[in-house]
Amino acid sequence: MKLRPGQKLHSAVCDAQVVVVRAPAGEVELGCGGAPLLDEGQEAEASAALDPSLGDGPLLGKRYADDDLGLELLCTRAGSGALTVDGRPLLVKGAKPLPSSD
């Protein structure tokens, strides 16, 4: 799937919704709970089922990133399916360290 910043995606198997903050140059395969993430307006297949073995679902307001790809997503609705990119789990982006105020 070719992504663009501001694109809204939703899960086919749970309530999760994300917004693309930073998009990679090439195409990637984004998933949630073992099923592909869908573009706004797309309907899920009836056969789509949640795979709980992938891990915990995204949390509201958290950013998920893969720095190697240049991908960053913002969770706008929490869900029970884990976010994946090209079959790998997508991890929560860490906070930037604040400068010291000596």
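The values are calculated or read from the model by the stated rules, or taken from the named source; none is laboratory data. Values in this document were obtained by computation on a predicted structure and should not be read as measured data. As a convention, Cβ positions derive from the backbone with ideal geometry for all residues, glycine included, and neighbour counts pool all protein chains shown. Each accessible area value is taken on the protein alone, full model and side chains, heavy atoms only, with ligands, DNA and RNA left out. Shrake-Rupley method; radii C 1.70, N 1.55, O 1.52, S 1.80 Å.
Per residue, the chain exposes 62 Å² of solvent-accessible protein surface, assessed with a 1.4 angstrom probe and all protein chains in place. Between LEU30 and LEU37, ASP86, the built amide H atoms are under 5 Å apart, and every one of these is 5 or more places off in sequence or on another chain. Considering only C-alpha atoms, what is the centroid distance from segment 1-30 to segment 40-65, in Å? First find each Cα centre; the distance between them is then 11 Å.
Within the shell of other residues whose beta carbon sits under 9 angstrom from the beta carbon of VAL18, the net charge comes to +2, with Lys and Arg scored +1 and Asp and Glu -1. Among the trypsin sites (Lys or Arg not before Pro) in segment 1-30, those placed in a DSSP loop whose Cβ has at most 16 other Cβ atoms within 10 Å are LYS2. Each peptide in 77-83, 24-30 gets a packing score, the mean of other Cβ atoms within 10 Å over its residues, and the list from highest to lowest is 77-83, 24-30. One way to sum up the overall shape of the chain is the equivalent ellipsoid from its Cα gyration tensor, whose semi-axes run 24, 15, 12 Å, largest first. Potential lengthening of the chain between ASP67 and MET1 amounts to 22.0 nm, from the contour at 0.36 nm per residue minus the alpha-carbon distance. Relative contact order of the chain, taken over Cα pairs closer than 8 Å and 6 or more residues apart, is 31 percent.
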